[in-house]
Amino acid sequence: MPYQDRPHVPSPPPLDLVNDVVTRFDAYARARATRDSLLPAARTTPRHEQQAFDDLQAAVTRLRSSLG
């Protein structure tokens with residue numbers, strides 16, 4: 001099959017960017033889960049939760065940018 005006739009297959013995203021998104025998602029999920037904790041010392045502040053969400057958004061943006 002000539003090169004021009006082959007379907008375009010995108011390259012997989014860099015593994016470090018995928019791992020970063022997964023790590024940031026986990027941190028955000030933990031922040032959300034501890035938001036309403038019964039133990040005051042374990043509670044997450046709204047600012048901490050927002051920072052975890054912002055970090056997750058930035059990681060997703062970096063991953064999307066790497067995909068073209």
Legend entry - 1.4 Å probe accessible area per residue over the chain, in Å²: 83
Inset, instruction - Sort Leu56, Leu38 from largest to smallest accessible area, using a 1.4 Å probe on the heavy atoms of the protein chains. - result: Leu38, Leu56
Legend entry - Debye log10 I(q)/I(0) at q = 0.12, 0.25, 0.27 Å⁻¹ for the chain, Cα point scatterers: -0.46, -0.99, -1.07
Inset, instruction - State the answer as a single residue: which of Gln51, Ala27, Pro40 lies farthest towards the positive end of the charge dipole of the chain, with beta carbon charges of +1 for Lys and Arg and -1 for Asp and Glu, about the Cα centre. - result: Pro40
Legend entry - FRET efficiency estimate (nearest 0.05) - Cβ-Cβ, Ser11 to Thr34, R0 35 angstrom: 0.40
Legend entry - Residue-by-residue Karplus 3J(HN,Hα) for the stretch 50-63, coefficients 6.51, -1.76, 1.60, Hz, glycine and proline x: 5, 5, 5, 5, 4, 4, 5, 4, 5, 5, 5, 4, 4, 5
Legend entry - Dipole magnitude of the chain, debye to nearest 20 (Cβ charges: Lys/Arg +1, Asp/Glu -1, about Cα centre): 160
Inset, instruction - Counting only C-alpha contacts under 8 Å and six or more residues apart, can you give the relative contact order of the chain as a whole percent? - result: 42
Inset, instruction - Would you mind telling me the share, in percent, of accessible area of the chain contributed by carbon and sulfur at probe 1.4 angstrom? - result: 59
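The values are calculated or read from the model by the stated rules, or taken from the named source; none is laboratory data. Bear in mind that the values here come from a model prediction, so they are computed numbers and not experimental data. Note: ideal-geometry Cβ built from the backbone for every residue, glycine included; neighbour counts use all protein chains shown. Note: areas computed on protein heavy atoms with side chains; ligands, DNA, RNA excluded. Shrake-Rupley method; radii C 1.70, N 1.55, O 1.52, S 1.80 Å.
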